[in-house]
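Since the structure comes first, as structure tokens, the remarks are kept for the end.
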Amino acid sequence: MTLFDPTIAWCFAISIALLLALSAMHKLSETGKFFQIVRNFRIVPAWAAVYVGAAAIAAEMAIAAALVTPASQAVAGIAAALLFTSYGLAIGINIARGRIAIDCGCHFGGSPDSSGLTWRLLVRNGVLAAAAFALAAPRSVRQIGPLDVAWIIIFVAAAAALYVAFDALSANSARARAEGGAR
């Protein structure tokens, strides 16, 4: 049996924890707007949007904290995978309904409706869910050394840059489609 390397596990755990913590902070900074986004997905009754939105924020914060706690990392990985899957499911349902021109709620201060709902968001959520789920895999007990810490820092920085680049490319693609349709 191949065991998951602890350095890779920490790369995934810290990257996902950072993403979830920043996401929760962003949603907390504009809760009314976020609750409207939840309502606009039309997955739950309008009256429940505030409760579902609050639960999503609380889940993101709790999972982020649990991901950086060694004893709870595996369970937190499964919880994060379920959270990303549920976000993907909500996106997929709305794409199937033809409701793609709505805010996904995932743009960290960028233009809120810059890209709408796309299949790329489903792929991104699938990759995030897979990385999170991998944290539940058995891992070796090898000690992490200074070189491992350096790799973790490099990975987290690269993952953050990749996420921002993905978001920017999605926004640029949406602008190009909008400009093409306006001509």
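A few remarks follow.
- Using Cβ point charges alone (K and R +1, D and E -1), the dipole size of the chain about the Cα centre works out to roughly 500 debye.
- Volume in Å³ per residue [convex hull over Cα atoms, computed for region 1-129]: 111
- Once backbone amide H atoms are built at 1.01 Å from N, residue 4 has 139, 140 as its partners under 5 Å, excluding neighbours fewer than 5 places away on the same chain.
- Most mobile listed residue (151, 47, 119) in the chain, GNM with C-alpha springs under 10 Å: 47
- For the chain, the membrane-span-like helices by this rule, meaning whole DSSP H stretches whose C-alpha atoms cover at least 18 Å of axis and whose Kyte-Doolittle mean is -1.0 or above, are 6-29, 49-67, 73-96, 119-134, 146-182; this says nothing about an actual membrane.
- Over region 6-182, Cα pairs under 8 Å with separation of 6+ residues give a relative contact order of 30 percent.
- Most to least packed among 128-141, 10-23 [average Cβ atoms within 10 Å]: 10-23, 128-141
Where a number appears in this text, it was derived from the coordinates with a stated rule and is not lab data. Quantities reported herein were computed from a predicted structural model and do not represent experimental measurements. Methodologically, a virtual Cβ is constructed for each residue, glycine included, from the backbone with ideal geometry; neighbour enumeration extends over all protein chains shown.
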